[in-house]
Each structure stands twice: as C-alpha cells, then as structure tokens.
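The values are calculated or read from the model by the stated rules, or taken from the named source; none is laboratory data. Note that this is a predicted model, so its numbers are computed, not measured. Cβ placement follows ideal geometry from the backbone for every residue including glycine, while neighbour counts extend to all protein chains displayed. Note: areas computed on protein heavy atoms with side chains; ligands, DNA, RNA excluded. Shrake-Rupley method; radii C 1.70, N 1.55, O 1.52, S 1.80 Å.
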Amino acid sequence: MTDLKKTTGKIIKSVGGLFHVETNNGVIPCTAKGLFRLKEIAPCAGDNVVIETDNNCEPVITEVLPRKNHIIRPPLANIDAAVIVISTVEPSPNRLILDKLIAIFENKSIEPVLLFTKTDKKEEKDLIKIYQKAGFTVFSVSNESGEGLDSLRMYLQNGFDFNLTYALIGNTGVGKSSTLNSLFPELALETAEISKKLGRGKHTTRQAELFKCTNTKTTGGYIADTPGFSTVEAARYGKLDSAEAASCFREFIPYIDKCKFTGCRHVKEEGCAVISAKEEGIISGSRFESYIRIYENARAEERNYK
C-alpha cells in the first residue's frame, strides 16, 4: 500500500513540462497530471498548487488553486503589480502599447507601476508628468550610476512585507534583467547588449521565473523577470472588450457617469464629460488618443467576430 501525501506550494518556474514548486520543505520538481490539458488549464509560474506524492512515484501537481488573475504571455498567475519597464532612448517607447498594457493590467486588477530606464531626460519628464497626473506610481532609475534604485528598492521591499508578487514586464532590451541585477545582485541574471542594427536586445530571459525576496520582517514576496516582447506581441497579454475600455483608464472614471447621455462611448459624443476633461487638460491628449485607438480596435475585432 502506498503512502499518499499532499502538500501545497507555489510554482516558481516551468521548463519543458517540469514545474519547480516552492513548498515549506523546499523547492520540489514536479510533473502535472494530463487532466489539465483536457480542462484547458496550463499550470504556470505564480500558480498555487496541490502536489501529491507517494513512495513509488515522482511528485505530481494534481490541482491548480483558484487564480486571482492570469496573463497569457508570459504565462504568469497571481500578480499583485506589474512593473512596466520603459526605455525612452533605445528601444524608444510606444505610447499606445504602453497604454494598452496598462489598460489590460487594470482590467485584471493588477496594479501598473511605471519604471523608466535608459532615459532621454526631456521625453522622460513629459511621460512622468502624464502618468503621475493620471495616478500611477512612477520610478526612474539608472543601472549605471545607481540613481533612483534606492527608492525603487524601498517600494518593492514594502510590498514584500505583505508577501506581494511583482512582475517586471516590457520590450526586449529595456533593461529588466539589468535592473533586477542592480537591485538584487545575488540573482546574477543574464543580460545582453542592444543590437545597434535592429534596435532591440536579445531574449536573455526565456521564461517567467519567480525569485523569492526576503527581509527580516516577513517570509518575503516574489519578483518575476519575464521575457521581453516586440511591439506586435504585446496584445498577447490580454484583450479588452470595447465596453470595458473606458473604465481601464483610471483618470476617466470620475467622469464616465457624468456624460449627458447614457451609453456614451467617450469618442466624439456631444456632452461627453470625458472629452470635456480632456479639452480642459485634466486628461492628457496622448492618453485619450490611446483610448480611442484601443476602443476602435476592440470594436473592429468584435464586429469581425460576429
């Protein structure tokens, strides 16, 4: 008779169908039951899972516990905040992609945090002003000089006190792994230089992986380094319905219910309070333009689907 044992843990890495699960007894390599494929569930980093073991078999994941959120690419679950890493020089930022990522994370109840690296000072100041005014936490760091790292480290450490999970997300080559190395040198993550010919970095991070961050107060939280993406891949983080788009722009929310007509799309309608706030400079023009593009793209996809 086998001695069946169950334990719970968190997946911190998945490579080639092998899952590394952190438990109270250390990190345990596991496989997953085939039934997950039938249920169209793919266990991923960040998932809280149940493991079964017996005297004769390797540990197996038998259950994925309910997720509070999930992103498809990179596969990652149960994130509290997404630290979106942005370069204002090389590669240069795409404001529409940035705003779409923010909207997707807002829709999934993942707090967006903006982190500027490799900065062009003028564009950085313009962007910081826009996003701080919209109500986001914004950081600017230099991995070369160390400027700004202490403030970012303190912010993350405060989250680790509450066992929060952060994910660093951004274009290939913006400096995600370099920033993590500057914050936590013990990680020694692989980095690569930007290709001058192509204007982007190499994919040194190949899968999402959680790193445990501890301090003297708590058992600590996690931070994930994630693979970089190109502009065309950003949409794979998630999709937005056109009806949800406006509420994913947090600075729109105080005005959404003040429009003259119910069902206002906040595009070009008469008496739209959101448009009035934009015209008064309360809502930035670039954020509003991003909303229009996101809304119209969502509407086009919905019409094509029908």
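A few comments on the model shown:
- Criterion: open to solvent by 10 Å² or more (accessible area, probe 1.4 Å) and under 23 Å from Ser247 (Cβ atoms) - qualifying residue of Lys68, Lys122: Lys68
- Residue within segment 77-86 that is at pLDDT 90 or above, open to solvent by less than 40 Å² (accessible area, probe 1.4 Å), touching a Ser or Thr at 6+ places or on another chain (Cβ under 8 Å) and within 14 Å of Arg287 (Cβ to Cβ) present: no
- Residue in segment 271-293 that is free of Cβ contacts under 8 Å to residues at least 60 places away in the same chain, among the acidic types (Asp, Glu), open to solvent by 20 Å² or more (accessible area, probe 1.4 Å) and farther than 19 Å from Asn94 by Cα present: yes
- For the residues Ser92, Ser109, the requirement of being open to solvent by 30 Å² or more (accessible area, probe 1.4 Å), of a type in the set (Gly, Ala, Ser) and at pLDDT 90 or above singles out Ser109.
- Every residue from segment 38-65 that is among the aliphatic types (A, V, I, L, M) and either out of contact with any Cys (no Cβ under 7 Å at 6 or more places or on another chain) or surrounded by fewer than 19 Cβ atoms within 10 Å (Cβ to Cβ) (or both): Leu38, Ile41, Ala42, Ala45, Val49, Val50, Val60, Val64, Leu65
This table checks each residue for (1) at pLDDT below 80; (2) not hydrophobic (A, V, I, L, M, F, W, C).
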| site | (1), (2) |
| --- | --- |
| Val113 | no, no |
| Lys118 | yes, yes |
| Phe136 | no, no |
| Asn163 | no, yes |
| Glu190 | yes, yes |
| Lys196 | yes, yes |
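- Entry remark, segment 52-74: residues being modelled with pLDDT under 90, more than 21 Å from Lys5 (Cα to Cα) and not β-branched (Val, Ile, Thr) number 2 in total.
- For first residues located in segment 4-17 and open to solvent by less than 50 Å² (accessible area, probe 1.4 Å), partners that are outside any strand (DSSP E or B) and hydrophobic (A, V, I, L, M, F, W, C) and lie 6+ apart or on another chain with Cβ distances below 7 Å form the pairs Ile11/Cys44; Ser14/Cys44.
- Residues in segment 258-270 that are free of Cβ contacts under 8 Å to residues at least 12 places away in the same chain, open to solvent by 30 Å² or more (accessible area, probe 1.4 Å) and not polar (S, T, N, Q): Phe261, Gly263, Lys268, Glu269, Glu270.
- The residues of segment 42-75 that are aliphatic (A, V, I, L, M) and within 22 Å of Phe105 (Cβ to Cβ), listed by number, are Ala42, Ala45, Val64, Leu65, Ile71, Ile72.
- Residue match in segment 57-67 (condition: within 21 Å of the chain's Cα centre (by Cα), of a type in the set (A, V, I, L, M) and not in a loop (DSSP other than H, G, I, E, B)): yes
- Residue match in segment 57-66 (condition: within 29 Å of Gly170 (Cβ to Cβ) and in contact (Cβ under 8 Å) with a residue 24 or more places away in the chain): yes
- Test result for Glu22, touching a Lys or Arg at 6+ places or on another chain (Cβ under 8 Å), open to solvent by 20 Å² or more (accessible area, probe 1.4 Å), in a strand (DSSP E or B) and charged (D, E, K, R): yes
- Ala42 vs. criteria modelled with pLDDT of 85 or more, within 22 Å of Ala82 (Cα to Cα) and small (Gly, Ala, Ser): yes
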